[in-house]
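A.B. asks: Would you mind keeping the following structure in view while I ask a few things?
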Amino acid sequence: MATPAASQRPPQPPPQPSRGRPLRARTAWSGALIGVGIAAFVDETVFHQLLHWHHFYDRSTPGVALVSDGLFHAFGWVAVVIGLVLVADLRHRAALVPRALVGGILAGTGAFQLYDGTVQHKLMGLHQIRYHVDLVPYDLTWNVLAVVFIGVGAGLLLGAARSPNSASGTTS
């Protein structure tokens, strides 16, 4: 038979097993989502809106091109928001690994840019960086920068994986 004091206690929430334990992989994936969103945002803002070099989908009418830009912009925004929500959760759990976050952001940015430059530009032909110019310098610059982002991000991710340091410990 339970004692009256024991039956009046409020139920205890289950313990958070990851509290204070660094979650490097989750941090890296959160950063990758943010990086993909940042790359999409920069591409959309600079190349689509400011320079008017191309749209996300250039093989149809101007109206379709604008709608495709809007959908692309929404995709980038959603990726950043989801990544930031995951970062907030990691901070709440005191499990954020800052080096893995930055590495994920850079790797995600580079991966998106490399995908865009190879698959969307060349394989699918959705658009080019520019039109009516020699594309070789643009393609080389675009893809070399992507590989640099991926390389620096991968280096940070490897460093985070090898580091015995704890999570950030910040909860504010």
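The values are calculated or read from the model by the stated rules, or taken from the named source; none is laboratory data. Because the structure is a prediction, the values reported are computed rather than measured. Glycine also receives a Cβ, built like all others from the backbone with ideal geometry; neighbour counts cover every protein chain displayed. Accessible surface areas use protein heavy atoms only, side chains included; no ligands, DNA or RNA. Shrake-Rupley method; radii C 1.70, N 1.55, O 1.52, S 1.80 Å.
A.B. asks: I'm trying to understand the selection: among the residues of the range 88-119, which are within 11 Å of the chain's Cα centre (by Cα) and not hydroxyl-bearing (Ser, Thr, Tyr)?
C.D. replies: Kept after step one, since they are within 11 Å of the chain's Cα centre (by Cα), are these residues of the range 88-119: 101-112.
The answer is LEU101, VAL102, GLY103, GLY104, ILE105, LEU106, ALA107, GLY108, GLY110, ALA111, PHE112.
A.B. asks: Still on this structure, I have one more. Can you tell me which residues in the range 96-146 are under 27 Å from VAL67 (Cβ atoms), aliphatic (A, V, I, L, M) and in contact (Cβ under 8 Å) with a residue 60 or more places away in the chain?
C.D. replies: Scanning the range 96-146 gives ALA111, LEU126, ILE129.
A.B. asks: Next question. Among the residues of the range 114-133, are any open to solvent by less than 60 Å² (accessible area, probe 1.4 Å) and touching a Ser or Thr at 6+ places or on another chain (Cβ under 7 Å)?
C.D. replies: So far as the range 114-133 goes, no, none of its residues is open to solvent by less than 60 Å² (accessible area, probe 1.4 Å) and touching a Ser or Thr at 6+ places or on another chain (Cβ under 7 Å).
A.B. asks: Quickly run through the range 54-93 and pick out the residues that are surrounded by 18 or more Cβ atoms within 10 Å (Cβ to Cβ), touching a His at 6+ places or on another chain (Cβ under 9 Å) and not in a helix (DSSP H, G or I).
C.D. replies: Correct list: HIS54, HIS55, PHE56, TYR57.
A.B. asks: Search the range 20-53 for residues being assigned to a loop (DSSP other than H, G, I, E, B) and not basic (Lys, Arg), and hand back the single one that is nearest to the chain's Cα centre (by Cα). So that I can check it myself, show each step before the final result.
C.D. replies: Taking the range 20-53 and keeping what is assigned to a loop (DSSP other than H, G, I, E, B), we get 20-23, 51-53.
Okay, now just the ones that are also not basic (Lys, Arg), so 20, 22-23, 51-53.
Details: GLY20: 24, PRO22: 19, LEU23: 17, LEU51: 24, HIS52: 25, TRP53: 24 Å.
Per the criteria, the residue is LEU23.
A.B. asks: From the list LEU158, LEU106, LEU140, which residue is under 26 Å from ARG21 (Cβ atoms), open to solvent by 60 Å² or more (accessible area, probe 1.4 Å), out of contact with any Asp or Glu (no Cβ under 8 Å at 6 or more places or on another chain) and at pLDDT 95 or above? Write out each step before concluding.
C.D. replies: Values: LEU106 fails: open to solvent by 60 Å² or more (accessible area, probe 1.4 Å); LEU140 fails: under 26 Å from ARG21 (Cβ atoms).
From the options LEU158, LEU106, LEU140, the qualifying one is LEU158.
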